[in-house]
Amino acid sequence: MSTLAFIGEGLDRAWESLSEGWQQLRQRASQAITRFQPFTRSSDVESAEDQLMQRALHWGLVAAEVEERDDEIIVRLEAPGLEADNFDISVVNGLLRVRGEKRMEREQQRGRYHVMECAYGSFERNIPLPRSVDATGVKARYRRGVLTVRLPIAESARVRRIEVQS
């Protein structure tokens with residue numbers, strides 16, 4: 001095999017691997033990629049913060065984990081940079097709907113940004129639930145950038161073992 005053919009095969013394998021990796025990343029992260037709507041103010045004059053918000057990313061990653069146990073579903077959502085009262089949580093048609101608002105906070109008004117990779121504004125993430133839940137018993141906690149929502153499984157959706165008698 002010639003050196004050129006050997007290099008060509010190596011490049012083909014590398015490209016296949018890279019392509020497969022991007023496809024897997026896109027598949028796994030497609031639900032977590034979330035649109036952030038920048039804040040809009042009613043005045044015509046934009047502040048320096050408004051101008052920064054317009055240049056900030058409008059898409060961000062709000063990654064989630066959904067764990068099912070015998071009696072509850074636990075959803076963990078990575079949402080750094082927020083406060084507990086920045087969330088609006090509801091259960092709608094088999095989805096956990098998490099809405100939030102991430103505000104830009106600047107300590108000083110001088111200086112300029114060279115890199116802005118954080119998304120700011122309001123967002124909504126809808127997470128499909130694997131079973132029906134009792135929405136009256138839902139509890140949520142926000143700690144260290146992770147929102148944890150505990151949803152009790154509805155009594156009618158719980159798995160019950162039925163003993164067969166002979």
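So, GLY111, is that one without any contact (Cβ under 8 Å) to a residue 60 or more places away in the chain and on the phi > 0 side of the Ramachandran plot or not?
Yes: the conditions hold for GLY111.
With respect to the numbered conditions (1) under 23 Å from VAL146 (Cβ atoms); (2) surrounded by 13 or more Cβ atoms within 10 Å (Cβ to Cβ); (3) modelled with pLDDT of 90 or more, which one is the sole condition not fulfilled by ASP71?
So the condition that ASP71 fails would be (2).
Among the candidates TRP22, TRP15, single out the residue that is assigned to a helix (DSSP H, G or I) and either modelled with pLDDT under 80 or among the aliphatic types (A, V, I, L, M) (or both).
Every option except TRP22 fails the conditions.
Quick one: is VAL138 within 16 Å of GLU72 (Cβ to Cβ), surrounded by 14 or more Cβ atoms within 10 Å (Cβ to Cβ) and not hydroxyl-bearing (Ser, Thr, Tyr)?
Judged against the criteria, VAL138 is a match.
Would you please name the residue that is nearest to the chain's Cα centre (by Cα), looking only at residues in region 139-166 that are aliphatic (A, V, I, L, M) and farther than 18 Å from GLY100 by Cα?
Here the answer is LEU151.
Being charged (D, E, K, R) and part of a loop (DSSP other than H, G, I, E, B) is the filter; apply it to region 139-166 and report the residue that is nearest to ASP71 (Cα to Cα).
ARG158
If you go through region 110-134 one residue at a time, how many are over 14 Å from VAL75 (Cα atoms) and of a type outside the set (S, T, N, Q)?
Qualifying residue count, region 110-134: 15.
Taking region 142-156, which residues are surrounded by 11 or more Cβ atoms within 10 Å (Cβ to Cβ) and within 18 Å of LEU82 (Cα to Cα)?
Hits for region 142-156 are TYR142, GLY145, VAL146, LEU147, THR148, VAL149.
List the residue pairs whose Cβ atoms are under 7 Å apart, where the first residue sits in region 129-154 and is closer than 13 Å to SER90 by Cβ, the second is not in a strand (DSSP E or B), and the two are 6 or more positions apart or on different chains.
That search, which allows pairs on different chains as well, returns LEU129/GLY94; VAL133/ALA154; VAL149/VAL138; LEU151/LEU129; LEU151/VAL138.
For region 82-138, how many residues are assigned to a strand (DSSP E or B) and within 16 Å of the chain's Cα centre (by Cα)?
21
Mind checking which residues of region 62-118 are within 23 Å of VAL159 (Cα to Cα) and touching a Lys or Arg at 6+ places or on another chain (Cβ under 6 Å)?
Hits for region 62-118 are GLU65, GLU72, ILE74.
List the pairs whose first member sits in region 81-97 and is surrounded by 14 or more Cβ atoms within 10 Å (Cβ to Cβ), whose second member is among the polar types (S, T, N, Q) and modelled with pLDDT under 95, and whose Cβ atoms are under 7 Å apart, counting only residues at least 6 apart or on separate chains?
Between residues of region 81-97 that are surrounded by 14 or more Cβ atoms within 10 Å (Cβ to Cβ) and residues that are among the polar types (S, T, N, Q) and modelled with pLDDT under 95, the close pairs are ARG97/ASN126.
The values are calculated or read from the model by the stated rules, or taken from the named source; none is laboratory data. These numbers were taken from a predicted model, which means no experiment stands behind them. We place every Cβ from the backbone using ideal geometry, glycine too, and count neighbours over all the protein chains shown.
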